[in-house]
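Structure first, then comments.
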Amino acid sequence: MSNQLNHSPAYRIKTVASMTGLSTHVIRKWEERYHLVHPQRGPNGYRLFTEDDVQFLLYLKTQLTHGETIGQLAESGESQLRQTMKDISYNFSSLPNQFQPEARHLIHAALNQDNEAIQRIIANWILQLGLEEAILDILFPLLRSIGELWHQGGISISAENRVSRMMRQQLINALRQDSSMGQEQALIACVPGDYHEIAPLTATLLLQKRGWRATYLGPNVSVEILELALRRRQPDFLILSSATEPDVQTGQAWIETMVHLFQPHCRVIAGGAGFRTLSDDLTNNGIPYLKHVNEVTTLDLKAVSS
């Protein structure tokens, strides 16, 4: 069972619904009718779910997409289902074969909260391949695999975040801090509400390694801060990243902001999975969409400057 909240984050049902894509009605039904989750109650009576509960709900959701019914799953019992969840196999086919065993060790280290082992494995990849090649050929495919694993219920939120934090720190350590006051060639930022930093940090690093004056502004950067940065630094490019797909209204608001507030100052470029469904609208408004982070290396500064 997973009703122990000690030393574990506790999520209310609305947050769990947002994380899993399950409605609050379905989650309550799985609790009350099928007895598959057993959230505790907070002092105010709200249901409180653990990380294990969230992972288990994702696992159940995946089984439904494979043709099972919730009734069939309930017949197996919660304990048996949770044990089966732990046996989900890892798919690292997108990684070079020679690095797949180490990737499995990294996942086990993340599950066991062994930060030193995670750091050692990542550092060894960087030592063998160099930072840029390690990021593009191993770490990015690995992050995608871990993301898919999380959606299947095969890894906890904290384990996924532990790997991301280690990668983020490697990128931050590698970035140059240029204190000169000349014109910035590129500013890179996460859109408001987005905290996924790996891709924009990587874009910044790739540009810097090619001699650009590129600055990463951070996650969840407000429209006001972005506009102020454009006025003060006058870059040639503003690259905005979003890993999370917005709702229709928010997506259209982003495009309008880019067109009317940002484009008058510089060329605006969008990247990340969150912009994928908006790619046609972006293109129609003169905003290129980068499907992959290494496409920033194809940007032509001379064409813009001329």
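The values are calculated or read from the model by the stated rules, or taken from the named source; none is laboratory data. The model shown is predicted, which means the values in this text are computed figures rather than measured ones. Reconstructed Cβ throughout: ideal geometry from the backbone, glycine too, with neighbour counts over all protein chains shown.
Somewhere in the range 85-100, is a residue closer than 30 Å to LEU205 by Cα, without any contact (Cβ under 8 Å) to a residue 40 or more places away in the chain and surrounded by 13 or more Cβ atoms within 10 Å (Cβ to Cβ)?
yes
Provide a single number: the residues in the range 269-283 that are in contact with a Ser or Thr (Cβ under 6 Å, 6 or more places away or on another chain) and in a helix (DSSP H, G or I).
2
Does the range 256-270 hold any residues that are out of contact with any helix residue (DSSP H, G or I) (no Cβ under 6 Å at 6 or more places or on another chain) and either aliphatic (A, V, I, L, M) or outside the structural domain of GLU197 (by TED's automatic domain parsing) (or both), and which are they?
The answer is MET258, VAL259, ILE269.
Criterion first (among the hydrophobic types (A, V, I, L, M, F, W, C) and more than 16 Å from ILE157 (Cα to Cα)) does LEU111 satisfy it?
So LEU111 does not fit the description; no.
Filter the range 256-306 for residues that are within 30 Å of ASP137 (Cα to Cα), small (Gly, Ala, Ser) and at pLDDT below 90 and give the result.
ALA303
So GLY45 ticks every box in (1) assigned to a loop (DSSP other than H, G, I, E, B); (2) without any contact (Cβ under 8 Å) to a residue 60 or more places away in the chain; (3) under 17 Å from SER156 (Cα atoms) but one. Which box is left unticked?
(3) is the only condition that GLY45 fails.
If GLY77 satisfies all but one of (1) assigned by TED's automatic domain parsing to the domain that holds SER156; (2) at positive phi, what's the number of the condition it fails?
Unmet for GLY77, out of (1) assigned by TED's automatic domain parsing to the domain that holds SER156; (2) at positive phi: (1).
Is there a residue in the range 20-34 that is closer than 26 Å to PHE140 by Cα, buried (at least 19 other Cβ atoms within 10 Å of the Cβ) and outside the structural domain of LEU139 (by TED's automatic domain parsing)? Reasoning before the result, please.
Taking the range 20-34 first, the residues closer than 26 Å to PHE140 by Cα are 20-21.
Checking the rest, the ones that are also buried (at least 19 other Cβ atoms within 10 Å of the Cβ) come to 20.
Of the ones still in play, those that are also outside the structural domain of LEU139 (by TED's automatic domain parsing) are 20.
Yes, because at least one residue in the range 20-34 is closer than 26 Å to PHE140 by Cα, buried (at least 19 other Cβ atoms within 10 Å of the Cβ) and outside the structural domain of LEU139 (by TED's automatic domain parsing).
Pick out the one residue from ALA273, ALA253, ALA243 that is among the small types (Gly, Ala, Ser), surrounded by 18 or more Cβ atoms within 10 Å (Cβ to Cβ) and outside the structural domain of MET19 (by TED's automatic domain parsing).
Going through ALA273, ALA253, ALA243 in turn, just one is among the small types (Gly, Ala, Ser), surrounded by 18 or more Cβ atoms within 10 Å (Cβ to Cβ) and outside the structural domain of MET19 (by TED's automatic domain parsing): ALA243.
Just wondering, is there one or more residues in the range 5-15 that are assigned to a helix (DSSP H, G or I), of a type outside the set (D, E, K, R), within 27 Å of the chain's Cα centre (by Cα) and modelled with pLDDT of 90 or more?
Checked against the condition, which is being assigned to a helix (DSSP H, G or I), of a type outside the set (D, E, K, R), within 27 Å of the chain's Cα centre (by Cα) and modelled with pLDDT of 90 or more, the range 5-15 yields at least one hit.
All but one of (1) assigned to a loop (DSSP other than H, G, I, E, B); (2) without any contact (Cβ under 8 Å) to a residue 40 or more places away in the chain; (3) more than 17 Å from TRP150 (Cα to Cα) hold for TYR34; state the number of the condition that does not hold.
The one condition TYR34 does not meet is (2).
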